[in-house]
Amino acid sequence: MDMDGVLVHEEHLIPGADEFLAELRAHDIGFLVLTNNSIYTPRDLRARLQRTGLDVPEAAIWTSALATAKFLDSQRPNGSAYVIGEAGLTTALHSIGYVLTDRDPDYVVLGETRTYSFEAITKAIRLVEAGARFIATNPDETGPSREGVLPATGSVAALIERATGRAPYFVGKPNPLMMRSALRSIGAHSERALMIGDRMDTDVRSGLEAGLHTILVLSGISTVDTADRFPFRPTRVIDSIADLVGNANNPFPDGV
């Protein structure tokens with residue numbers, strides 16, 4: 001399941017989220033909390049969720065930063081990268097033995113940050129022009145804040161692509177690569193798995209393309225009207241995670 005918009009809104013618990021997770025544990029149903037946000041480490045996110053009243057272990061949190069690190073480790077082990085991002089991304093890359101450098105790196109890796117630097121973006125453009133491979137953690141163009149939307153990784157990636165003519169490879173949702181790596185981490189198979197999210201363009205699409213059933217909650221980004229504009233549909237649409245309380249082991253009571 002996605003985190004923001006499904007379990008929490010910023011620092012506030014979405015009603016029913018704690019009861020739903022308790023039911024999953026009671027029925028011994030494995031789960032992962034997924035997020036395209038690469039700012040935080042799983043430890044950071046666990047602490048953030050605890051403050052809202054949700055107890056989610058680090059091992060049950062899967063971020064686009066972790067998926068990106070896993071992808072790079074499979075492509076070019078012990079490589080090097082110039083990184084625009086924060087602790088969630090740098091920690092994930094350090095954990096796979098990557099060297100972070102601005103001298104002839106194998107990759108430019110763009111992630112989420114609340115303080116995008118013009119100097120860092122310029123450096124990334126020059127490194128990509130010089131031959132570094134361009135990777136971005138996720139394609140989200142905007143992110144939420146208390147003051148309104150913020151430019152996110154997808155927007156900055158578009159800037160670098162426009163300047164260099166080189167498109168990035170996005171690892172996070174809706175790339176099914178992130179979903180498949182998440183499934184492997186909990187030993188799940190797509191035929192017996194479900195993706196719960198609040199965005200049609202990332203959550204539902206990534207679940208669909210990875211062969212999962214999908215549930216769209218209307219407690220986040222997508223609405224009934226915006227969902228109808230897409231050429232694909234989720235398996236089920238509900239108001240919020242609270243609608244699954246009491247049905248954690250049978251999320252499709254009317255069949256699929």
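The values are calculated or read from the model by the stated rules, or taken from the named source; none is laboratory data. Here the structure is a predicted model, which means the values were calculated and not measured. So basically every Cβ, Gly included, is an ideal-geometry build from the backbone, and we count neighbours across all protein chains shown. All accessible areas refer to the heavy atoms of the entire protein, side chains included, with ligands and DNA or RNA removed. Shrake-Rupley method; radii C 1.70, N 1.55, O 1.52, S 1.80 Å.
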Query raised in the report: Residues 167, 81: which one is hydrophobic (A, V, I, L, M, F, W, C), open to solvent by 40 Å² or more (accessible area, probe 1.4 Å) and modelled with pLDDT of 95 or more?
Result: 167
Report summary line: Residues of segment 178-194 being buried (at least 16 other Cβ atoms within 10 Å of the Cβ) and of a type in the set (D, E, K, R), in sequence order, are 180
Report task. Among what's in segment 19-54 and is surrounded by fewer than 21 Cβ atoms within 10 Å (Cβ to Cβ), of a type outside the set (A, V, I, L, M, F, W, C) and touching an Asp or Glu at 6+ places or on another chain (Cβ under 8 Å), pick the residue that is nearest to residue 149 (Cα to Cα). Result -> 48
Query - Restricting segment 217-244 to residues that are basic (Lys, Arg) and in a loop (DSSP other than H, G, I, E, B), the residue that is most open to solvent (accessible area, probe 1.4 Å) - result: 229
Query raised in the report: Given the conditions (1) modelled with pLDDT of 95 or more; (2) touching a helix residue (DSSP H, G or I) at 6+ places or on another chain (Cβ under 9 Å); (3) open to solvent by less than 30 Å² (accessible area, probe 1.4 Å), which single one is not true for residue 157?
Result: (2)
Report task. Please verify whether segment 97-110 includes one or more residues that are of a type in the set (A, V, I, L, M, F, W, C), loosely packed, with under 13 Cβ neighbours inside 10 Å and at pLDDT 95 or above. Result -> no
Requested in this report: Please state which of the following conditions residue 175 fails to meet, knowing it meets all the rest: (1) touching a strand residue (DSSP E or B) at 6+ places or on another chain (Cβ under 6 Å); (2) modelled with pLDDT under 95.
Outcome: (1)
Report task. List every residue pair whose Cβ atoms sit under 9 Å apart, with the two residues 6 or more apart in sequence or on different chains, where the first one lies in segment 200-216 and is open to solvent by 10 Å² or more (accessible area, probe 1.4 Å) and the second, anywhere, is among the aromatic types (Phe, Trp, Tyr). Result -> 201/230; 205/230; 205/232; 208/232; 213/252
Requested in this report: Kindly indicate whether residue 90 is touching a strand residue (DSSP E or B) at 6+ places or on another chain (Cβ under 9 Å), touching a residue at least 60 places away in the same chain (Cβ under 8 Å) and either acidic (Asp, Glu) or in a helix (DSSP H, G or I) (or both).
Outcome: no
Query raised in the report: Is it fair to say residue 197 is crowded, with 17+ Cβ neighbours inside 10 Å, under 15 Å from the mean Cα position of the chain (by Cα) and either more than 27 Å from residue 153 (Cβ to Cβ) or modelled with pLDDT under 95 (or both)?
Result: no
Query raised in the report: If residue 92 satisfies every condition in (1) at pLDDT 95 or above; (2) more than 15 Å from the chain's Cα centre (by Cα); (3) hydrophobic (A, V, I, L, M, F, W, C) but one, which is the exception?
Result: (2)
Query raised in the report: Looking only at residues in segment 61-74 that are open to solvent by 10 Å² or more (accessible area, probe 1.4 Å) and among the hydrophobic types (A, V, I, L, M, F, W, C), which one is nearest to residue 186 (Cα to Cα)?
Result: 62
